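Trainee: Below you'll find the structure I mean.
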Amino acid sequence: MSSLKIPLSSPDITEKEISAVVRVLKSGRLSLGGETKAFEEEWAHYVGAGHAVSVSSGTAGLHCVMRALEIGEGDEVITSPFSFIASANCILFEKATPVFVDIDPATLCLDPSKIEEKITPRTKALLVVHLLGTACVMDRILAIARQHRLYVIEDACEAVGAMANGCHVGTRGDAGIYAFYPNKQMTTAEGGMIVSANRQLADICRSLRNQGRDLQDGNVFERLGYNYRLSEIHAALGRVQLSRLEQILAKRLQVAKWYMKALKDCEEIILPPGTGDPSASWFIYLIQLSKKFNGEDRNHVRRELAKKGIETGAYFAPIHLQRFYREQFGFREGDYPVTESVAQRTIALPFYNQLSCNGVNYVAGRLISHLELVGEKVND
Ligand SMILES: *Cc1c(COP(=O)(O)O)cnc(C)c1O
């Protein structure tokens, strides 16, 4: 038993992915070829978007969109402090100012009822993060954006495959961004995709990711661009993963259901926001300890689980409290109390397609017994 190791995440790679990658390697065409183009077309079709532009990461996609929408110095972008840091960093890349709105504890997405009080004449966009594969309340967000003439950027990097109001999450704003890092629902190793209904916006992103080149004449550089291209190898991997996505999402849903069954009767555990929502897509399995626990208790539980070979994560460190955010913008502890309270009580449990029911029950059993031990101390 002591040698048992349960990792936090693990990609689901089959012989199909391996042979697709080998085929590209043998083809002689390693970048800007048919695989990339086909991946983009298949992605646009899958999510029901007008245009899809592949990029080298989700972060690169977010950056291209900021740039394409000409958001820069002096502009404010409203976003969530409880997210993976890239969703806010892309605002800083362009010297714009992030304006955080605290989260709704039920969805862990930014609270739409707190957006309007943060809008100023400098506000240019709402950058919403569909956290953990659970959709933000888009009707409300789109209505606010329309009323105040703001762009809506959807960070759907954790929400591949999630649906809301009959649409794929990420397709209702001005642009949506998906990511394919190995711990995401599907992977290209590294990679991302931008989608938009707006051809002009998509074309600018297409130019930006390829050194700012004119799309017709490769010798003309129209703007300052980057090398944010996705290679043919990554695209081929992505195409196979996309073809298997339905099966992948079903496996993840199954693992989430096992966790739910094993944990639902434990009063000290708050289940993830996607629980019971059939349109959610499962990215990670993030539970919260109840409010009677603090960050130290959580870290203690994580260390105990680690001793049993169970790898866990503490997502997400509040973005506003990172040193360079504090220094640049003067954020302090207490600025976003819901985010800060949730962030110190989360534990991401091992979550991947190959995880068995026995594996889930083992993790859940260890978690519950350690919580009981810590809980007794807290009650004393
Ligand atoms: C994964 C992720 C990204 C982008 O990640 P990359 O590693 O750059 O592909 C962006 N935003 C959120 C919320 C994410 O979880």
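The values are calculated or read from the model by the stated rules, or taken from the named source; none is laboratory data. What you are looking at is a predicted structure, and each value in this text was computed from that prediction instead of being measured. Using ideal geometry, Cβ is built from the backbone for each residue, glycine included, and neighbour counts are taken over all protein chains shown. Ligands, DNA and RNA are stripped out before the accessible areas are found, and what is left, the full protein with its side chains, is counted by its heavy atoms. Shrake-Rupley method; radii C 1.70, N 1.55, O 1.52, S 1.80 Å.
Trainee: Go through the range 56-73 and give me each residue that's more than 9 Å from the ligand (Cβ to nearest atom), among the hydrophobic types (A, V, I, L, M, F, W, C) and touching a helix residue (DSSP H, G or I) at 6+ places or on another chain (Cβ under 7 Å).
Mentor: Passing the criteria: C64, V65, M66, A68.
Trainee: Does P81 count as within 15 Å of the ligand (Cβ to nearest atom), part of a loop (DSSP other than H, G, I, E, B) and under 21 Å from the mean Cα position of the chain (by Cα)?
Mentor: In short, yes.
Trainee: Go through R29, R23 for me and flag whichever is touching a residue at least 60 places away in the same chain (Cβ under 8 Å), open to solvent by 60 Å² or more (accessible area, probe 1.4 Å) and either closer than 30 Å to F329 by Cα or in a loop (DSSP other than H, G, I, E, B) (or both).
Mentor: After ruling out the rest, the residue left standing is R29.
Trainee: Among T120, T134, which is the only one that is farther than 19 Å from I319 by Cα and at pLDDT 95 or above?
Mentor: Matching residue, one of T120, T134: T120.
Trainee: Let me ask another. Given the conditions (1) within 15 Å of the ligand (Cβ to nearest atom); (2) open to solvent by less than 10 Å² (accessible area, probe 1.4 Å), which single one is not true for V152?
Mentor: (1)
Trainee: Let me ask something else about it. Identify all residues within the range 351-364 that are open to solvent by 30 Å² or more (accessible area, probe 1.4 Å) and in contact (Cβ under 8 Å) with a residue 60 or more places away in the chain; write none if there are none.
Mentor: Q354, C357, N361, Y362
Trainee: Within the range 242-265, is even one residue under 29 Å from A314 (Cα atoms), open to solvent by less than 30 Å² (accessible area, probe 1.4 Å) and among the aromatic types (F, W, Y)?
Mentor: yes
Trainee: Would you please name the residue that is surrounded by the most Cβ atoms within 10 Å (Cβ to Cβ), looking only at residues in the range 128-145 that are within 13 Å of the ligand (Cβ to nearest atom) and touching a residue at least 60 places away in the same chain (Cβ under 8 Å)?
Mentor: Per the criteria, the residue is L131.
Trainee: Mind listing whichever residues of the range 156-185 are more than 20 Å from D277 (Cα to Cα), within 16 Å of the ligand (Cβ to nearest atom) and either in contact with a helix residue (DSSP H, G or I) (Cβ under 6 Å, 6 or more places away or on another chain) or not in a strand (DSSP E or B) (or both)?
Mentor: Passing the criteria: G173, A175, I177, A179, F180, Y181, P182, N183.
Trainee: Related question: Of all residues being surrounded by fewer than 21 Cβ atoms within 10 Å (Cβ to Cβ) and under 21 Å from I233 (Cα atoms) in the range 186-205, which is farthest from the ligand (Cβ to nearest atom)? Just the residue, please.
Mentor: A189
Trainee: Right, another one. Here is a list of conditions, (1) hydrophobic (A, V, I, L, M, F, W, C); (2) open to solvent by 10 Å² or more (accessible area, probe 1.4 Å); (3) touching a strand residue (DSSP E or B) at 6+ places or on another chain (Cβ under 7 Å), and I13 meets all of them except one; can you say which number that is?
Mentor: For I13, the failing item is (3).
Trainee: For the range 46-101, which residues satisfy the criterion of being of a type in the set (S, T, N, Q), open to solvent by 10 Å² or more (accessible area, probe 1.4 Å) and over 21 Å from H320 (Cβ atoms)?
Mentor: S56, S57, listed by residue number.
Trainee: Also: Being assigned to a strand (DSSP E or B), surrounded by 14 or more Cβ atoms within 10 Å (Cβ to Cβ) and of a type outside the set (D, E) is true for just one of A280, A348. Which residue is that?
Mentor: When all the criteria are applied, what remains is A348.
Trainee: Return yes or no: is A143 assigned to a helix (DSSP H, G or I), of a type in the set (A, V, I, L, M, F, W, C) and more than 23 Å from T187 (Cα to Cα)?
Mentor: yes
Trainee: Also, quick follow-up: Which condition number in (1) open to solvent by 10 Å² or more (accessible area, probe 1.4 Å); (2) free of Cβ contacts under 8 Å to residues at least 60 places away in the same chain is the one that D104 fails?
Mentor: Going through the list (1) open to solvent by 10 Å² or more (accessible area, probe 1.4 Å); (2) free of Cβ contacts under 8 Å to residues at least 60 places away in the same chain, D104 breaks only (2).
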